[in-house]
Amino acid sequence: MTTKYHYDCEFLEDGKTIDLISIGIVCEDGREFYAVSSGFDTQAVAANWWLMKNVMPSIEHIEFLNANPVTGMPVKDFLVTDKATMTRKRIRDGILDFVDGTTPEFWNWYGAYDHVALCQLFGKMIDLPSHFPMFSCDIKMLHKAAGYCEMPKQPAGLHNALADAKFNVVRYEYLTKLLSLEKQR
């Protein structure tokens, strides 16, 4: 029997790589897992206005200027001080402990890149634990099946991986209930 895990990742992507910033996972039994990576490129994130405006406000950090090693010019940087900060190995091990004893079924919202970020914690796709699926179920597909109906709005915490994962549960439950009602007609 599978266990549903709703998750979300925040990441830096440049069209070639997906660099995990944070991940939040909520199990259908109510347990939660949240981690901030200690290994992402802070200077690249500091230079990305969208991530600084939308993601970094929910992650504790200290901003400062650093010298560019090539030009010597000052560049923005920051030090992550968030208590949920872990190495990628600790995040991977934490996820393994979190899903231990279950066959996970992962659900996300617009989650193609989130799935890649999750899988990369284990290395290549073929390195995933044998009980992990090689795909995530995207709640957006339920939204499509429901005719792109009006959706509930997330009240707070947008772009905080754990808050987004919690809201994915709301989306999932809303859509599965709606689709179930439509099926009964």
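I'd like the FRET efficiency for Asn54 and Asp100, computed as 1/(1 + (r/R0)^6) with the beta carbon distance as r and R0 of 45 Å, rounded to 0.05.
Efficiency, rounded to the nearest 0.05: 0.85.
Between the amide H of Trp109 and those of Ile139, distances stay under 5 Å, these residues lying 5 or more places away or on another chain, with hydrogens modeled in the peptide plane.
For an R0 of 22 angstrom, estimate the FRET efficiency from the Cβ-Cβ distance between Thr17 and Glu63 and round to the nearest 0.05. The calculated FRET efficiency here is 0.40.
For segment 2-184, what does the equivalent ellipsoid look like in terms of its semi-axes, each the square root of 5 times an eigenvalue of the Cα gyration tensor, given largest first in whole Å?
31, 19, 14
One decimal place: the segment Arg31-Met125 gains 31.3 nm when fully extended, by the rule 0.36 nm per residue minus the C-alpha distance.
Using Cβ point charges alone (K and R +1, D and E -1), the dipole size of segment 2-184 about the Cα centre works out to roughly 220 debye. Take the alpha carbon gyration tensor of segment 1-41, find the square roots of its eigenvalues, order them as a ≥ b ≥ c, and report rounded if a/c is under 1.5; if not, report prolate when a/b exceeds b/c, else oblate. Because a/c hits 1.5 or more and a/b exceeds b/c, segment 1-41 counts as prolate. Residues whose amide H lies under 5 Å from that of Lys4, counting only those 5 or more places away or on a different chain, are Glu28, Glu105; hydrogens are built 1.01 Å from N in the peptide plane. Taking label positions 7 Å along the Cα-Cβ direction at both Cys149 and Lys183, the computed distance is 1.3 nm, reported to one decimal. Can you flag which of Lys76/Lys144; Lys16/Lys83; Lys76/Lys140; Lys53/Lys183 are past 32 Å Cα-Cα? Cα-Cα > 32 Å for Lys76/Lys144; Lys76/Lys140; Lys53/Lys183; rest within. Quote the FRET efficiency, to the nearest 0.05, computed for Asp41 versus Met1 with a Förster distance R0 of 45 Å and r equal to the Cβ-Cβ distance. After rounding to 0.05, the efficiency reads 0.70. Among beta bridges identified by DSSP and lying wholly in the chain, the antiparallel ones come to about 70 percent.
Among 120-130, 135-145, how do they line up from the highest to the lowest mean number of other beta-carbon atoms within 10 Å? Numbers along the way, then the final one.
Numbers: 120-130: 12.4, 135-145: 16.5.
The packing order, highest mean first, is 135-145, 120-130.
Taking amide H as placed 1.01 Å from N in the peptide plane, Thr85 has its amide H under 5 Å from the amide H of Val36, each at least 5 places away in sequence or on another chain.
Each value in this text was obtained by applying a stated rule to the coordinates, not by laboratory testing. Only a predicted model underlies this, so the values are computations on that prediction, with no experimental measurement involved. Positions of Cβ are generated from backbone atoms using ideal geometry, with glycine treated the same way; all protein chains shown enter the neighbour counts.
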